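Structure first, commentary second.
The values are calculated or read from the model by the stated rules, or taken from the named source; none is laboratory data. The shown structure was predicted, so the numbers you read here are calculated from the model rather than taken from an experiment. We place every Cβ from the backbone using ideal geometry, glycine too, and count neighbours over all the protein chains shown.
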Amino acid sequence: MTTEARRSESRSNRPEPVSDTIRVRMQTTAQRNTGPEVALQCALRELGLQFLVDQPPDSASRGRADVVFPVEKVAVFVDGCFWHSCPEHGTWPKRHGDWWRSKLLANRRRDEDANRVLRDRGWRVLRFWEHDEPKEAATIVANAVLNDTAAGGAGTAVERGQECGTV
Ligand SMILES: [Zn+2]
């Protein structure tokens with residue numbers, strides 16, 4: 001999930017905020033901006049990995065991935081708990097329920113379509129929730145990338161311990 005997509009989603013033609021809870025959550029999401037993605041990117045850099053950020057992984061991709069390893073063909077997404085209906089934190093608002101339901105279901109379908117398109121084209125797709133621990137997620141990503149010897153990936157490991165500046 002990219003910042004742009006999230007911004008355009010939150011800017012799209014939606015009803016008035018349906019409750020204080022949701023209004024607060026949406027504001028929080030906007031303010032936090034790219035927090036979960038940046039946290040993962042930072043953890044990956046600390047593991048010494050190099051990658052592209054916020055790019056369409058493939059010419060067939062309509063959306064962008066948060067982290068892309070073009071040589072190893074690994075695409076990583078960090079999905080927001082609300083917009084992608086996390087089983088732990090996702091909610092289905094009651095007011096304007098039909099509108100929200102179709103919106104959130106459309107998001108889910110779009111995620112599934114993106115996964116299928118990429119996998120059909122030889123990509124490995126890793127998806128994490130924004131609530132996932134960034135360092136744990138980074139370890140999973142690193143394993144996927146660095147164990148990619150079969151595909152002849154050159155590997156992107158560089159010096160470990162790079163400082164990851166505050167973003
Ligand atoms: Zn969650």
Checklist entry - Going through the stretch 33-65 one residue at a time, which ones are surrounded by 18 or more Cβ atoms within 10 Å (Cβ to Cβ) and within 16 Å of the ligand (Cβ to nearest atom)? => result PRO36, GLU37, ALA39, LEU40
Item to check | Close pairs from the stretch 86-111: first under 23 Å from ARG64 (Cβ atoms), partner within 16 Å of the ligand (Cβ to nearest atom) and of a type in the set (S, T, N, Q), Cβ under 9 Å, at least 6 apart | outcome: LEU104/SER85; LEU105/SER85; ASN107/SER85; ARG108/SER85
Item to check | Those residues of the stretch 115-134 which are assigned to a helix (DSSP H, G or I) and within 16 Å of the ligand (Cβ to nearest atom), in sequence order | outcome: PRO134
Checklist entry - Scanning for something under 27 Å from LEU47 (Cβ atoms), at pLDDT below 95 and touching a Leu at 6+ places or on another chain (Cβ under 7 Å), does the stretch 128-138 turn up at least one residue? => result no
